[in-house]
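> Input: one structure, supplied below.
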Amino acid sequence: MRVERQWRMKGKPSDAEIKRLSAELKTDSVTATLLLQRGVHNKEESRKFFRPHQDDLHDPFSMKDMDKAVSRIQRAIEQKEKIMIFGDYDVDGTTGTALLCLFFTSTLLRDDKKQISYYIPDRYTEGYGISTEGIDYAIKTGVKLIIAIDCGIKAIEKVLYANNHGVEMIICDHHMPGDSLPAAVAVLDPKRNDCNYPYKELSGCAVGFKLLQALTAHYKLDQDYLFSLIDLVAVSIASDIVAITGENRVLAFLGLEKINSKPLNGLKAIMAIAGMDDKRCRIDDIVFKIGPRINAAGRLYSGRTVVQLLISGDKVLATELSKKINAYNIERKQLDKEITQEAIEMINNDAQLASLHSTVLYKETWHKGVVGIVASRVIDMYYRPTIILTRSNGLVTGSARSVEGFDLYQAIEKCSHLLEKFGGHSHAAGLSLKPENIEPFRQLFEQVVAESILPEQLIPGIDIDAEIGLHSVTGELVKSIAEFEPFGPGNMTPLFCTHGVTERGTARPVGATGEHLKIDISDPADPQKILPGIAFGQVHRQASIRRGKPFDICYSIETNEFRGKTTIQLNIRDFAFGDEG
């Protein structure tokens, strides 16, 4: 029961605006349209968009509490206090932990590396966020300052516990704060209501990068070393699915340049095991190849393995560790597949479940490490806010994922009296509750969603940038679109639609199991123009295609390399036929 998608045209700039920018930049009207849709209105904005530079980054000291954080770290260094980095076990937390460790051991604590350590909590025995076990470990080992990365914004009780035992904290987070902030020495989070930092969508690792940027300025260090670690920030931005706009775009752009020129040993080892040795790395490669492998370690076993890999200067060790996390990823894929199938069958076999506005599923034997992935997979089939729950340490814990435009965090917050703990973003969250509260929570969450979600939010959409004819699909346009990278939320791969195309009688299944559709497309407005297309996972569309009968396509434009020859290819995201409206 895969839900059909609605096509939505983005707002088209005025013809006068398109003509003006096209003339100013000496570019075609399609490129000018794409730029205007992304908030680029003149040559200087175009320069910043196409050629981001480190000088475009904001002053780190404009972030609330940054001066306090730098001052406290300076005191710790001068008084030779032990510092511990406490990072979350996902990609954002482990890359952030590696970033801080590498920086301190190579600069400010180069002569006393034992002054710095790191701690990654166990997903199963400790759960998400700052843990009592982690603080106890800090106390036991004589740590006086903890720097938390990608967690801590709601750890009010844990911070008090640390303070009461003589351990102070600096928090680097990017999640939504609660009504009160923890009593830490410094709380670095651009989403704080009282923080005037100009960009709010940083990843957790990127917040850590801003702290290091401030320390670099304070100690008058050469910036080159800090920026030699920026590939870690790009991996966090891509994997955490934060917006690739503004400052994140600068960090991701520079990080990808570093990955594609001289990546850190650990990342290079992961890329090799993922078959990316000789390929240019893009955001999609991080999302689908690098990120899942890093995540698999924290999901199934321990995120410490990832940090070991990312900070390793030993190529042999890095290779061994990358093989280990690759094996974890293979295991994760199998669990993901099995649990997703179970979850879908639960809905398919229950008419009442299938008719709801939300999905809340529970099975105590499901693996905690993959429930977030499963939630996303279930949304592909039943498009609505989804929560997948399992049993862990006497509680029911799980992950939630949202649909476009619906604030999941707010909906869960309205059910907070039934929860033990929750946190996250508008589109993704984690939560825990007592077993006896599963059904009350399920009912209340459904009620909240049903009362607040808009009908159109229950239909997946495809946002189309422009309607064009196939005659506009040229090598020059392909080159121009490539300049728009890195793609991601806020700057997605441009999508186009063309109406009334026909196929050439060559539509055929391709792929290992014949699940994809290969097709040659022509445009009646330019019959001589024939372009090959590939529709991934859409072989079921073949039955609706009739030779000579026009239909509409929505697609991105890409290049395809085969046997040394590069050709333009349409990546067809969706079809529309006359009988479908």
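> Take the Cα radius of gyration of the stretch 363-506 and divide it by 2.2 N^0.38 Å, with N its residue count; two decimals is plenty.
1.40
> Give the lysines reachable from LYS549 as a straight Cα distance under 22 Å; neighbours fewer than 8 places away on the same chain don't count.
Those lysines meeting the cut-off are LYS518, LYS529.
> Taking a quarter of the surface of the Cα convex hull of the chain, what do you get in nm²?
With the hull built on Cα positions only, its mean projection is 27.7 nm².
> Distance from the Cα centre of the stretch 141-173 to that of the stretch 213-289, in angstrom?
Taking the Cα centre of each part, the stretch 141-173 and the stretch 213-289 sit 27 Å apart.
> Take the stretch 103-203, compute every pairwise Cα distance, and split them into 10 Å bins from 0; I just need the percent in each bin.
15, 43, 33, 9, 0
> Which angle from 0 to 90°, rounded to the nearest 10, does the C-alpha axis of helix 438-452 make with the longest principal axis of the chain?
With both axes taken from Cα atoms, the answer is about 50 degrees.
> Do the alpha carbons of any pairs in LYS158/LYS414; LYS113/LYS158; LYS289/LYS333; LYS140/LYS421 sit beyond 19 Å of each other, and which pairs?
LYS158/LYS414; LYS113/LYS158; LYS140/LYS421
> Provide Rg over Rh for the stretch 437-512; use the alpha carbon set for both Rg and the Kirkwood Rh (inverse mean inverse pair distance).
Ratio value, two decimals: 1.19.
> Oh, and also: Using the basic label-point model (7 angstrom from Cα toward the beta carbon), what is the LYS434 to GLU331 distance in nanometres?
Label-label distance for LYS434 and GLU331, simple model: 3.4 nm.
> Moving to a separate point now. What distance in nm lies between label points placed 7 Å from Cα along the C-beta direction at LYS48 and LYS262?
Reported label-point gap for LYS48 and LYS262 is 3.0 nm.
> Would you mind finding the longest exposed-site-free stretch of the chain, with exposed chymotrypsin sites (Phe, Trp or Tyr not before Pro) meaning DSSP loop and at most 13 other Cβ atoms within 10 Å?
Within the chain, the longest run free of exposed chymotrypsin sites (Phe, Trp or Tyr not before Pro) spans 220-535.
> Over every pair of different alpha-carbon atoms in the stretch 1-82, take the mean of 1/r and invert it; report that Kirkwood radius in Å.
The Cα-based Kirkwood calculation yields 17.1 Å.
> Over all directions, the average projected area of the alpha-carbon convex hull for the stretch 419-459 comes to how many nm²?
If I average the Cα hull's projected area over directions, I get 3.4 nm².
> Run the quick spin-label model on ALA482 and GLU456: label points 7 Å from Cα toward the beta carbon, then report their separation in nm to one decimal.
In this crude label model, ALA482 to GLU456 measures out at 3.6 nm.
> A further question follows. Work out how much length THR513 to GLU561 would gain on full extension: take 0.36 nm times their residue separation and subtract the Cα-Cα distance, in nm to one decimal.
Difference between extended and current length: 15.1 nm.
> If the only charges are +1 at each Lys and Arg Cβ and -1 at each Asp and Glu Cβ, what is the size of the charge dipole of the chain around the Cα centre, to the nearest 20 debye?
My answer is approximately 1140 debye.
> Let me ask something else about it. Across the stretch 244-343, how large is the tail of the calculated P(r) beyond 20 Å, expressed as a percent of all Cα pairs?
Distances greater than 20 Å cover 41 percent of the Cα pairs.
> Bin width 5 Å, origin at 0, all Cα-Cα pairs of the stretch 269-319: what percent of pairs per bin?
5, 20, 27, 26, 19, 4, 0
> Let me know the longest stretch in the chain that avoids all GluC sites (Glu not before Pro) found in a DSSP loop with at most 15 other C-beta atoms within 10 Å.
5-363
> Compute the long axis of helix 246-259 from its Cα atoms, compare it with the longest principal axis of the Cα atoms of the chain, and write down the angle in degrees, 0 to 90, nearest 10.
Taking Cα atoms only, the helix is inclined about 90 degrees.
> Do you know the relative contact order of the chain, to the nearest whole percent, from alpha carbon pairs under 8 angstrom that are 6+ apart?
Over the chain, the number comes to 12 percent.
> Working from Cα positions, state the angle (0 to 90°, nearest 10) between the long axis of helix 91-106 and the longest principal axis of the chain.
Orientation of helix 91-106: about 50 degrees from the principal axis.
Readers should treat all values here as calculations from the given coordinates under stated rules, not as data from a laboratory. Bear in mind the structure is a predicted one, so any value in this text is a computation, not a measurement. Note that each Cβ is placed from the backbone with ideal geometry, even for glycine, and that neighbours are counted across all protein chains shown.
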